[in-house]
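Chemist: Below: one structure in structure tokens.
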Amino acid sequence: QVQLVESGGGLVQPGGSLRLSCAASGSGFRLLSLGVMGWYRPAPGNQRELVAAITRGGDTKYAESVKGRFTIARDNAKNTVVLQMNSLKPEDTGVYYCNLVSGLGWGPGDHWGQGTQVTVSS
């Protein structure tokens, strides 16, 4: 059983910053920690779009819309991933979900957090 617990969402004005955190735990986690961890948010068509993802080795991938504004980082020893979001825009509003891949590839994997709300509004 894998648990992903997010924190750090909230209300912020345009141009502001938020920091999201996700802590992973569970049995068999030594294997799971080898996978990509990432953040997703809702997209049109009832999909979830990738915001940012990071491998255990530190390789990263970002959505074009957040490049230069968001930074993803990972602590393998603590099984945590953080998303630093700067210069936030109203279109960044949404529920942000942490995701963990339990194998190869960028994902998304089968393990999701409960989501944390980010609202960017004046």
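The values are calculated or read from the model by the stated rules, or taken from the named source; none is laboratory data. Remember, it's a predicted structure, so these values are computed and weren't measured experimentally. Here the Cβ is made from the backbone with ideal geometry for all residues, glycine too, and neighbour counts use every protein chain on show. Surface accessibility is based on the protein's heavy atoms, side chains included, excluding ligands, DNA and RNA. Shrake-Rupley method; radii C 1.70, N 1.55, O 1.52, S 1.80 Å.
Chemist: Please give the calculated 222 nm ellipticity per residue for the chain, where each DSSP H segment of at least 4 residues contributes -39500 (n - 2.57) and the sum is spread over every residue; nearest 500 deg cm²/dmol?
Modeler: -500 deg cm²/dmol
Chemist: Taking Cα atoms of segment 2-121, Rg/Rh with Kirkwood Rh, to two decimals?
Modeler: 0.95
Chemist: Just reorder Ser7, Ser122 by solvent-accessible area, largest first, 1.4 Å probe, all chains present.
Modeler: Heavy-atom accessible area, descending, gives Ser122, Ser7.
Chemist: How much length is gained if the chain between Ser21 and Lys61 is pulled fully straight, taking 0.36 nm per residue apart and subtracting their Cα-Cα distance, in nm to one decimal?
Modeler: Difference between extended and current length: 12.7 nm.
Chemist: Over the heavy atoms of Trp112, what accessible area does a 1.4 Å probe trace out, to the nearest 10 Å²?
Modeler: Surface open to solvent at Trp112 totals about 90 Å².
Chemist: Carbon-plus-sulfur fraction of the accessible area of the chain, 1.4 Å probe, in percent?
Modeler: In the chain, the share of accessible area belonging to carbon and sulfur is 48 percent.
Chemist: In nm, give the distance between the simple-model label positions of Gln47 and Lys89, each being 7 Å from the Cα along the Cα-to-Cβ direction.
Modeler: Here the modelled spin labels are 1.9 nm apart.
Chemist: Cα extents of segment 7-67 along the three principal axes, largest first, in whole Å?
Modeler: 40, 25, 23
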